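Worksheet for the structure shown next.
The values are calculated or read from the model by the stated rules, or taken from the named source; none is laboratory data. Predicted model, so just to flag it, every value in this text is computed and none were measured. All Cβ positions, glycine included, derive from the backbone under ideal geometry; neighbour counts span all protein chains shown. Keep in mind that these areas ignore ligands, DNA and RNA; they rest on the heavy atoms of the full protein, side chains included. Shrake-Rupley method; radii C 1.70, N 1.55, O 1.52, S 1.80 Å.
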Amino acid sequence: MKSEPESRLEKGVDVKFSIEDLKAQPKQTACWDGVRNYQFTNGLCSGQCLHTSLGVLAKARNFLRAMQLGQEAFFYHSNCKEPGIAGLVKIVKEAYPDHTQFEKNNPHYDPSSKEDNPKWSMVDVQFVRMMKRYITLAELKTHYQAHKTTGGPLKNMALFTRQRLSVQPLTREEFDFILSLEEKEPS
DNA sequence: GCCAACGTTGGC
DNA sequence: GCCAACGTTGGC
């Protein structure tokens, strides 16, 4: 799940939401809102909510709706000096209507969505822990490129093959491989 | 239903 | 701040 750790205004609202911001929330929990098209794009709102902007509506929304209670996800810092995986979060509430789609002053307001048939969903995520070390995009890319040749676990990683999805699926093999990187020196 | 124009994401 | 990638829009 991608979020922007550095301040940036979107329709006058700062979309900054880093993993430190998540940790600072009550119960270290926030709602992941702002998924607004068929693919996730991203951006987290300040205050009580994280928000992602969706990319592909159907796909992104479906990824979100597929998330199950207790599942873990990486918290990825995007659109910043050093992009990479900062920590682990878990799903603590499965998909439910994203209230920001009905709020006129919200950057993710969608006038085409009706209260009796909401278009957009969000989930709640809770901080689990920081990564033992920050896993940079550059490091992941090095492995991805090697694995394309060797057939290693990151050979189809969505971060590179579906680059604009702000919420994206990982296979068990991808997830475990990235966790194993924590124990190693940066390559 | 094609596709050019346009807008957004996000690395660099 | 630039711009490549890629999704969306809308004319036809």
Heavy-atom accessible area per residue of chain A, all protein chains kept, 1.4 Å probe, expressed in Å², is 49
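With a ≥ b ≥ c taken as the square roots of the eigenvalues of the C-alpha gyration tensor of the range A:129-187, please select rounded if a/c is under 1.5 and otherwise prolate if a/b is larger than b/c or oblate if it is not?
oblate
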A 1.4 Å probe over the protein heavy atoms gives chain A a carbon and sulfur accessible-area percentage of 50
A correct Karplus calculation of ³J(HN,Hα) over the range A:76-91, with 6.51 cos²θ - 1.76 cosθ + 1.60, θ = phi - 60°, whole Hz and x for Gly and Pro, returns 9, 8, 10, 6, 8, 3, 10, x, x, 8, 9, x, 10, 10, 9, 6
With every protein chain in place, the accessible area of A:R129 for a 1.4 Å probe, in Å² rounded to the nearest 10, comes to 70
Label model pair A:A146, A:E94: point-to-point distance (7 angstrom along the Cα→beta-carbon line) in nm is 3.9
Cα-Cα longer than 21 Å, checked against A:K16/A:K81; A:K90/A:K184; A:K90/A:K148, kept in input order, equals A:K90/A:K184; A:K90/A:K148
For chain A, the Cα convex hull volume per residue in Å³ comes to 107
At the level of C-alpha centres, the distance separating the range A:1-31 and the range A:74-103, in angstrom, is 8
The answer for A:M122, listing residues at least 5 apart or on another chain whose modeled amide H is closer than 5 Å to its amide H, is A:Y96, A:D98
